[in-house]
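Working notes, structure below.
The values are calculated or read from the model by the stated rules, or taken from the named source; none is laboratory data. Computed from a predicted structure; not experimentally measured. As a convention, Cβ positions derive from the backbone with ideal geometry for all residues, glycine included, and neighbour counts pool all protein chains shown.
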Amino acid sequence: MATAVEKVTPVAPPPDNEADKLLPGRHTLPASWWTSEKVLDFEKRAIFAKAWLYCIHSSRFTKAGDYFSFNFLGWNFFVIKTKEGSIKAFHNICRHRAYPVVRKQQGSSTILGCKYHGWSYDTDGLLKKAPHFDKIEGFEPKDNSLYEIKTHISRQGLVFINFDNTENATPFEEFFAGLETEMDEYDFTDYEYHMSYELDGQFNWKTLMDGYQECYHCPTAHPGLNQAFKMETYKVVPKGNYCRHYAKIVQEEVPIIDDNGDADQESSWFGFGKKRDISKAEKKENPGGSFNGLWCYLFPTNGVNCYSPAWYSIRVLPITAKRTILQYDIYTKKGATEAQKKEFVDFLQQVEIEDYNLCEATQKNLNNGVYNTGYLHPTKEKGVLHYQGLVSKMVKNHYELEKAAGQAINPAALTGSRNEEAEELEKICSGIECMGSNPGEQHEGLEW
Ligand code: FES
Ligand SMILES: [Fe+2]
């Protein structure tokens with residue numbers, strides 16, 4: 001099989017647009033958007049319930065019944081390989097009384113049994129057994145199957161889900177138009193799962209994205225990264241709901257040479273400039289020199305970053321307005337030695353912890369009520385401007401929708417199983433929620 005290095009020809013970034021250099025900068029969104037729980041609640045309905053979210057790579061599923069469970073802002077769900085070999089996603093909610101059907105982060109079972117009252121489902125989410133319900137009039141197992149979530153598996157095996165349950169849900173091909181073709185530049189089949197790790201940060205999800213979407217900070221904040229790439233070539237190119245990042249690897253043009261002039265002894269496997277020993281075989285196929293990387297930010301909270309020796313994904317999980325969990329999955333090149341894998345992981349973790357520290361310190365100041373907005377560079381921070389623009393557009397659109405409807409609209413809500421009585425009681429509940437804590441007091445419309 002062709003290796004990634006032989007197959008891949010990363011495209012060059014589009015040339016600079018001279019007119020861009022004359023653009024005025026713009027300000028960031030106000031700091032309150034980084035601190036308010038109500039804004040995060042609203043973003044959940046306006047953005048996260050409508051976007052395509054990356055979960056996992058299909059190579060992690062080897063046999064029918066393999067599953068991985070996730071939690072995104074309280075939405076519990078799992079992704080499973082069916083008996084027919086496809087990959088499906090379901091809300092991790094038993095249709096009986098809402099107990100979670102799978103309890104582990106990862107497992108394998110072709111029958112999923114709920115540990116509350118013993119209902120069980122197959123890998124297609126169909127209800128197969130409901131103890132003592134067989135003779136109950138009007139009870140239809142097919143109407144009590146697990147709630148399926150929209151999925152898209154890219155031809156590279158990247159698994160995405162979308163919580164939007166409305167008829168207005170945006171198809172994947174529209175939401176990420178062009179992404180799948182772009183990803184063809186990289187041979188995902190030549191890589192295998194290596195490891196995952198997680199960071200728990202005291203900052204808003206956008207604080208991380210602000211840093212992710214520009215490399216203006218790299219010369220100051222990432223000394224290691226700065227050695228690995230030609231920072232002057234770093235460019236973020238917005239492509240709708242994703243942005244591609246481009247930069248040239250230094251090693252391509254400037255081999256790392258030690259004091260004795262022996263490049264083979266000092267050159268790291270993929271040119272990040274760390275001193276280490278490598279065997280002759282390894283140095284011959286040094287792949288870092290031919291691939292400048294395929295790094296994509298996937299709006300709103302994901303990234304897929306492909307290098308020669310490995311690729312990794314990042315899932316950014318907002319927990320509260322001021323707390324976010326970052327999950328990294330790393331897939332290394334097949335046949336890579338433990339030392340080569342370690343070199344990549346060390347490099348990645350160093351850069352990520354540098355970003356993490358920037359975020360924690362920044363968020364403290366965003367929280368303190370002094371700073372409001374800052375001025376962004378029109379080209380160097382173009383990616384930040386772009387994604388913040390997407391945030392504000394989606395929030396504004398949804399705000400108008402809710403204002404017109406006079407109530408909160410949650411596109412992820414599952415309303416299919418409601419009956420007339422449930423509808424009536426739901427209305428009473430909304431009425432109660434609209435009342436203030438003091439009797440007689442009425443909130444006027446939405447709270448923000
Ligand atoms: S909640 Fe699952 S069987 Fe009752
Ligand atoms: Fe960074």
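Take the residues in region 335-359 that are surrounded by fewer than 17 Cβ atoms within 10 Å (Cβ to Cβ) and over 22 Å from MET209 (Cα atoms), then tell me which one is nearest to ligand 2 (Cβ to nearest atom).
LYS342
Looking at region 69-97, which of the residues that are surrounded by 13 or more Cβ atoms within 10 Å (Cβ to Cβ) and within 12 Å of ligand 1 (Cβ to nearest atom) is nearest to ILE153 (Cα to Cα)?
If we take residues in region 69-97 being surrounded by 13 or more Cβ atoms within 10 Å (Cβ to Cβ) and within 12 Å of ligand 1 (Cβ to nearest atom), then ASN92 is nearest to ILE153 (Cα to Cα).
Considering HIS96, HIS117, HIS91, which residue is within 30 Å of MET394 (Cβ to Cβ) and more than 16 Å from ligand 2 (Cβ to nearest atom)? Before you say what the answer is, go through the steps one by one.
Values: HIS96 fails: within 30 Å of MET394 (Cβ to Cβ); HIS117 fails: within 30 Å of MET394 (Cβ to Cβ).
It is HIS91.
For (1) touching a Ser or Thr at 6+ places or on another chain (Cβ under 6 Å); (2) under 30 Å from ALA321 (Cα atoms), each residue gets a yes or a no:
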position	(1), (2)
LEU73	no, yes
GLY113	yes, no
GLY118	no, no
ASP122	no, no
GLY138	no, no
PHE163	no, yes
PHE176	no, yes
THR181	no, no
ASP187	no, no
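Which ones in region 157-188 are in a loop (DSSP other than H, G, I, E, B), in contact (Cβ under 8 Å) with a residue 40 or more places away in the chain and farther than 26 Å from ALA46 by Cβ?
Step one: of region 157-188, the residues in a loop (DSSP other than H, G, I, E, B) are 157, 163-171, 176-178, 184-187.
With the extra rule that they be in contact (Cβ under 8 Å) with a residue 40 or more places away in the chain, the set shrinks to 157, 163-166, 168-170, 176-178, 185-187.
Answer for region 157-188, where residues must be in a loop (DSSP other than H, G, I, E, B), in contact (Cβ under 8 Å) with a residue 40 or more places away in the chain and farther than 26 Å from ALA46 by Cβ: GLY157, GLU185, TYR186, ASP187.
All but one of (1) in a helix (DSSP H, G or I); (2) buried (at least 20 other Cβ atoms within 10 Å of the Cβ); (3) not aromatic (Phe, Trp, Tyr) hold for LEU326, so report the exception by its number.
In the conditions (1) in a helix (DSSP H, G or I); (2) buried (at least 20 other Cβ atoms within 10 Å of the Cβ); (3) not aromatic (Phe, Trp, Tyr), LEU326 misses (1) alone.
Checking LEU390 against (1) touching a strand residue (DSSP E or B) at 6+ places or on another chain (Cβ under 7 Å); (2) touching a residue at least 60 places away in the same chain (Cβ under 8 Å), which single condition isn't satisfied?
(1)
Between residues in region 225-239 that are touching a residue at least 40 places away in the same chain (Cβ under 8 Å) and assigned by TED's automatic domain parsing to the domain that holds TYR307 and residues that are part of a strand (DSSP E or B) and within 12 Å of ligand 2 (Cβ to nearest atom), which pairs lie under 6 Å by C-beta distance while being six or more apart or on different chains?
Correct list of pairs: VAL236/HIS245.
Kindly establish whether THR207 is at pLDDT 95 or above, in contact with a Ser or Thr (Cβ under 8 Å, 6 or more places away or on another chain) and either surrounded by 14 or more Cβ atoms within 10 Å (Cβ to Cβ) or not aliphatic (A, V, I, L, M) (or both).
So THR207 fits the description; yes.
For the list (1) buried (at least 19 other Cβ atoms within 10 Å of the Cβ); (2) closer than 23 Å to GLN327 by Cβ, I need the number of the one condition that THR28 fails.
(2)
Could you check region 53-91 and list, in sequence order, the residues that are under 25 Å from TYR312 (Cβ atoms) and not in a strand (DSSP E or B)?
SER58, SER59, ARG60, PHE61, THR62, LYS63, LEU73, listed by residue number.
For region 117-140, give me the residue count where each residue is more than 12 Å from ligand 1 (Cβ to nearest atom), crowded, with 17+ Cβ neighbours inside 10 Å and not β-branched (Val, Ile, Thr).
2
Please indicate, with yes or no, whether at least one residue in region 376-393 is assigned to a helix (DSSP H, G or I), at pLDDT below 90 and away from ligand 1 (no atom under 16 Å from the Cβ).
The answer is no; no qualifying residue exists.
Could you list, in sequence order, the residues of region 46-67 that are over 27 Å from ALA321 (Cβ atoms), out of contact with any Asp or Glu (no Cβ under 9 Å at 6 or more places or on another chain) and of a type outside the set (D, E, K, R)? Even if it seems obvious, please write down each step before you answer.
Of region 46-67, the ones over 27 Å from ALA321 (Cβ atoms) are 57-67.
Applying the additional criterion that residues be out of contact with any Asp or Glu (no Cβ under 9 Å at 6 or more places or on another chain) yields 58, 61-63, 65-67.
Correct list: SER58, PHE61, THR62, GLY65, TYR67.
So if I check each of LYS142, LYS150, LYS129, which one is under 20 Å from ALA49 (Cβ atoms) and away from ligand 2 (no atom under 16 Å from the Cβ)? Please lay out each step first, then the result.
Details: LYS142 fails: under 20 Å from ALA49 (Cβ atoms); LYS129 fails: under 20 Å from ALA49 (Cβ atoms).
Result of the check over LYS142, LYS150, LYS129: LYS150.
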